Amino acid sequence: MQLRGSAKALGDALAVLLVLVLPGCTPPLALDPQTPQGRAVAGLIWWFTGLCTVIWILVLLGLAFAIWRPRLVPADPLALDQRAERRSGRVVAVLIGLTGVIVIGLTVLSFAAQRQLFEPADGALTIDIVGHQWWWEVVYNSPDSSQTLTTANEIHVPVGRPVTLDLTSNDVIHSFWVPSLMGKADLIPGRHNDLTFTAEKPGIYNGSCAEFCGMQHAHMGIRVIAETPSDFEAWRRQQLRSAAPPASESAKRGEALFESSACAFCHNVSGTPASGQVGPDLTHLASRSSLAAGTLPFGRGQLAAWIADPQGIKPGAQMPDVRLAPDQLNAMLDYLMGLK
């Protein structure tokens with residue numbers, strides 16, 4: 001019994017050690033910033049961590065001194081040592097002063113970091129982000145309505161240009177967070193919050209909702225794709241085009257099936273009668289890298305599984321089951337895979 005207990009204790013200790021060590025193999029993305037705003041957040045984290053570490057060490061040293069220092073037992077327990085009282089009073093006053101200085105210093109640091117995160121930038125590209133249960137609506141507005149485009153779950157931005165995200169929600173509170181690019185900000189129904197960042201180099205940066213928002217909160221991913229200005233402009237022009245017409249007879253049958261089913265009441269496909277606004281815009285669905293807000297990588301098989309059984313993949317999602325025969329499903333897949 002003792003051997004079994006010792007083995008269990010050793011196993012528990014190793015499990016704890018692995019939990020502590022393995023996550024350290026890759027630094028948290030918030031500590032690997034790729035934007036000036038991300039560096040402001042990382043700097044704040046390091047300042048707070050360093051200062052709290054120093055305070056913790058000093059507290060332990062003070063505790064050790066209080067425990068192990070020699071004590072003289074006075075003859076009269078009720079007698080006051082005036083010198084000791086004055087010394088203790090000075091120590092307490094110094095500690096209170098240091099506490100005030102620390103609180104004020106951290107407040108100034110926080111204010112400076114938040115100012116960099118939320119201060120408007122001249123010439124910024126403004127993108128509206130609307131949180132839904134459980135996906136992100138992404139709208140690139142323009143004074144010319146023909147140049148406004150809507151996509152979902154992926155944000156393309158040009159490198160070197162400030163980007164301001166206008167954040168709101170149409171159902172519950174969400175929180176937008178791409179750790180390596182910026183701090184986090186809440187999306188609140190009826191209110192607009194802003195986040196500004198400037199991507200410094202091309203890359204793909206993953207984020208997620210950081211506020212519990214319901215059953216599928218963990219499957220509400222966001223992806224920011226930073227591109228050169230020329231690549232971003234090419235992507236924008238492509239996204240402004242209407243949906244590509246079906247290229248085969250099977251795809252044409254799929255288009256007709258899509259437009260005559262409940263799909264057209266929930267999703268918009270530019271240039272077709274499908275004009276639903278409940279779910280993500282599907283005009284260029286096949287140009288995206290994932291499905292269901294990052295739950296699945298994009299591919300024909302994954303798309304088939306998502307259409308056939310969305311509740312099995314993302315329980316509680318607003319997408320209903322669409323009952324399709326195998327030949328109907330294949331026809332719809334031919335149509336949707338052509339929406340690039």
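The values are calculated or read from the model by the stated rules, or taken from the named source; none is laboratory data. Here the structure is a predicted model, which means the values were calculated and not measured. Backbone-built Cβ (ideal geometry, glycine too); neighbour counts: all protein chains shown. Just so you know, the surface numbers come from the protein's heavy atoms only, side chains and all, with ligands and any DNA or RNA stripped out. Shrake-Rupley method; radii C 1.70, N 1.55, O 1.52, S 1.80 Å.
Here are some notes:
- Carbon and sulfur %, accessible surface of the chain computed with the full protein complex present, 1.4 Å: 64
- For the chain, the per residue solvent-accessible surface stands at 58 Å², with DNA, RNA and ligands left out and a 1.4 Å probe.
- Only DSSP H runs of four or more residues enter the estimate; each adds -39500 (n - 2.57), and after division by the residues of the chain the mean residue ellipticity at 222 nm equals -14000 deg cm²/dmol.
- Cα centroid separation, the range 144-208 to the range 261-340: 23 Å.
- Extension gain, Leu109 back to Asn141 (0.36 nm per residue minus Cα-Cα distance, nm): 8.1 nm
- Relative contact order computed over the range 234-340 (Cα-Cα under 8 Å; 6+ residues apart), in percent: 35
- Remark: the Ser242-Asp194 segment gains 14.3 nm on full extension, using 0.36 nm per residue and subtracting the alpha carbon distance.
- Rounded to the nearest 20, the size of the Cβ-charge dipole of the range 237-340 about its Cα centre is 320 debye, with Lys and Arg at +1 and Asp and Glu at -1.
- For Leu125, the accessible surface of its heavy atoms amounts to roughly 30 Å² (probe 1.4 Å, protein chains only, rounded to the nearest 10).
- Fluctuation leader among Leu167, Leu63, Leu296 - the chain, Gaussian network, Cα springs under 10 angstrom: Leu63
- Tensor-based shape of the chain (alpha-carbon gyration tensor, a/c under 1.5 rounded, otherwise prolate or oblate): prolate
- Candidates Pro70, Pro36, Pro162, ranked by Gaussian network fluctuation over the chain, Cα under 10 Å, top entry: Pro70
- Debye, to nearest 20: dipole size of the range 171-254, +1 on Lys, Arg Cβ, -1 on Asp, Glu Cβ: 320
- Charged-residue dipole, Cβ positions (Lys, Arg, Asp, Glu), the chain about Cα centre, Debye nearest 20: 1300
- Value of relative contact order over the chain, rounded to a whole percent, pairs C-alpha under 8 Å and six or more apart: 14
- Computed extension length for Ala305-Val94: 69.4 nm, one decimal, from 0.36 nm per residue of separation with the Cα-Cα distance subtracted.
- Gaussian network model of the chain, springs between alpha carbon atoms under 10 Å - residue of Leu80, Leu165, Leu257 with greatest fluctuation: Leu80
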